Amino acid sequence: AQTVTQSQPEMSVQEAETVTLSCTYDTSESDYYLFWYKQPPSRQMILVIRQEAYKQQNATENRFSVNFQKAAKSFSLKISDSQLGDAAMYFCAYRAGGGADGLTFGKGTHLIIQP
Amino acid sequence: EAGVAQSPRYKIIEKRQSVAFWCNPISGHATLYWYQQILGQGPKLLIQFQNNGVVDDSQLPKDRFSAERLKGVDSTLKIQPAKLEDSAVYLCASRPSWGLLGEQYFGPGTRLTVT
């Protein structure tokens with residue numbers, strides 16, 4: 001079974017600074033996808049960024065980028081120029097490439113933005 | 001485009017009572033998921049539907065939980081009888097069937113409290 005581990009229960013960063021959230025995963029599959037989701041206090045899960053395992057190039061979405069290390073099974077999220085609106089729970093998630101493609105989530109990292 | 005709708009938003013019941021949650025996915029989305037999110041944890045997949053067929057229900061506690069998606073559109077998740085440990089947020093998500101990276105769109109969730 002796949003597992004996703006987020007070892008940082010909480011992270012704090014000053015507004016406008018850069019922060020990196022860690023995620024490791026375990027799988028025996030070769031075809032899979034990785035995601036970072038944001039969950040504000042309103043509870044609505046919002047996709048932040050995604051990465052296909054077969055792509056070597058790291059995904060980037062505006063201020064959000066990932067460092068995908070396939071051999072190490074590591075998938076960290078970097079948030080640049082942190083803004084107050086980035087404060088939320090961040091979840092790392094794994095999805096297999098096949099038909100049964102429900103997400104496996106980590107426990108989450110609570111990101112605090114200090115003004 | 002309307003998002004994933006869920007009702008009710010909040011529900012409080014006593015243990016051993018029954019409860020049902022409703023989800024209406026985004027129009028045209030063939031795949032529907034139910035997740036359980038216990039406080040302080042990431043969501044856990046309960047069941048995945050493709051149209052009105054079950055793709056994965058390996059983590060659904062079938063002795064008390066049931067789910068259906070009779071016409072391949074909206075879905076109902078039922079708990080009977082409820083236990084204290086069922087207190088959680090129940091999230092519904094949907095995605096279109098086309099494209100390997102079909103993003104899962106989440107609803108606002110139903111917060112269940114079992115007393």
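Throughout, read-outs are computed from the coordinates displayed, never taken from laboratory work. Everything quoted here is computed from the prediction, not taken from an experiment. Glycine gets a Cβ as well: all are built from the backbone with ideal geometry, and neighbour counts include every protein chain shown.
General remarks:
- Point-charge dipole on Cβ atoms (K/R +1, D/E -1) for the protein assembly as shown, about Cα centre, debye to 20: 540
- Among the listed pairs A:K55/B:K44; A:K55/A:K78; B:K15/B:K78; A:K38/A:K78, those beyond 24 Å (Cα-Cα): A:K55/B:K44
- Which of A:D26, B:D86 has the fewest Cβ neighbours within 10 Å, and the rest in rising order: A:D26, B:D86
- The chymotrypsin sites (Phe, Trp or Tyr not before Pro) of region A:43-74 meeting both criteria, a DSSP state outside H, G, I, E and B (loop) and at most 11 other C-beta atoms within 10 angstrom of the site's C-beta, are A:Y54.
- The phi-based Karplus calculation (6.51 cos²θ - 1.76 cosθ + 1.60; θ = phi - 60°) puts the 3J(HN,Hα) values of region A:10-19 at 8, 9, 10, 9, 6, 3, 6, 8, 10, 9 Hz, whole numbers, x for Gly and Pro.
- Burial ordering of A:M45, A:M11, fewest other beta-carbon atoms within 10 Å first: A:M11, A:M45
- Each residue of region A:43-60 was assigned a 3J(HN,Hα) from its phi angle through the Karplus curve 6.51 cos²θ - 1.76 cosθ + 1.60 (θ = phi - 60°); the sequence is 6, 6, 6, 10, 5, 9, 6, 9, 9, 7, 5, 7, 8, 7, 6, 6, 6, 9 Hz, with glycine and proline shown as x.
- Placing unit charges on the Cβ atoms only, positive for Lys and Arg and negative for Asp and Glu, gives chain A a dipole magnitude near 120 debye about its Cα centre.
- Top of B:G42, B:G28, B:G72 by mean-square fluctuation, Gaussian network on chain B, Cα under 10 Å: B:G42
- Taking region B:28-76 and dividing mean pair separation by its residue count, relative contact order in percent (alpha carbons under 8 Å, at least six apart): 29
- Computed from backbone phi with θ = phi - 60° and the Karplus coefficients 6.51, -1.76 and 1.60, the 3J(HN,Hα) list for region A:108-114 is x, 10, 7, 9, 10, 10, 8 Hz; x is used for glycine and proline.
- Convex hull volume of the C-alpha atoms in chain B, normalised per residue: 99 Å³.
- Entry note: chain A has Rg to Rh equal to 0.96, where both radii use alpha-carbon atoms and Rh is the Kirkwood radius.
- A DSSP coil position with no more than 12 other Cβ atoms inside 10 Å describes the following trypsin sites (Lys or Arg not before Pro) in region B:25-92: B:K62, B:K71, B:K83.
- When the charge dipole of chain B is built from unit charges on Cβ atoms (+1 for Lys and Arg, -1 for Asp and Glu) and taken about the Cα centre, the candidate among B:G107, B:G28, B:I79 whose Cα reaches farthest toward its positive end is B:I79.
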